[in-house]
1. Which net charge results for the neighbourhood of residue 7, defined as the other residues with beta-carbon distances under 11 angstrom from its beta-carbon, given Lys and Arg at +1 and Asp and Glu at -1?
2. Using only the alpha-carbon atoms of the chain as identical scatterers, what base-10 log of I(q)/I(0) does the Debye formula give at q = 0.14, 0.17, 0.19, 0.26 Å⁻¹?
3. About the Cα centre, and with charges only on the beta carbon of Lys, Arg (+1) and Asp, Glu (-1), how big is the dipole of the chain? Nearest 20 debye, please.
4. Arrange the following residues from fewest to most other Cβ atoms within 10 Å of their Cβ: 53, 6.
5. Modelling each spin label as a point 7 Å along the Cα-to-Cβ direction, I'd like the residue 23/residue 54 distance in nm, to one decimal.
6. Enumerate by residue number the GluC sites (Glu not before Pro) in the stretch 1-59 meeting two conditions: DSSP loop (anything except H, G, I, E, B), and at most 12 other Cβ atoms within 10 Å of the site's Cβ.
7. Sequence neighbours fewer than 8 away in the same chain don't count; with that in mind, list the lysines whose C-alpha is under 23 Å from residue 4.
Amino acid sequence: MKAKDIREKTQDELEKDLLDLKSELFKLRFQHAASRLENPMELKNVKRSIARIKTVLKERELKGIRV
C-alpha cells in the first residue's frame, strides 16, 4: 500500500485497514512459527503498511484534521 493511497482515505477507512492488517500480521506470524509461511516477505510488507497507516493517522492527529 502506497503512502499516496493511504493519504486519500478517510479516517474510518484507515482505522478499518489498520485492524485488518493487524489481524493479517497475527495470522502470518502464526504461520511463520509453524513453518508454513510460503513468502516471508509478506511479514515485512504488512509491517510496513501498518507503519505507513499509523504515520498518516499521527500526522492527522497532530494537524487536527479528521478527514
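What follows draws every value from the coordinates through simple rules; no lab data is involved. What you are looking at is a predicted structure, and each value in this text was computed from that prediction instead of being measured. Because the Cβ atoms are built from the backbone with ideal geometry, glycine has one as well, and the counts that use them run over all protein chains shown.
1. That works out to +2.
2. -0.45, -0.61, -0.72, -1.08
3. With only Lys, Arg, Asp and Glu charged at Cβ, the dipole is about 280 debye.
4. Result, fewest neighbours first: 6, 53.
5. So the label points at residue 23 and residue 54 sit 2.0 nm apart.
6. When the GluC sites (Glu not before Pro) of the stretch 1-59 are filtered for loop state and at most 12 Cβ neighbours within 10 Å, 8, 38 remain.
7. Qualifying lysines at Cα under 23 Å: 16, 22, 44, 47, 54, 58, 63.
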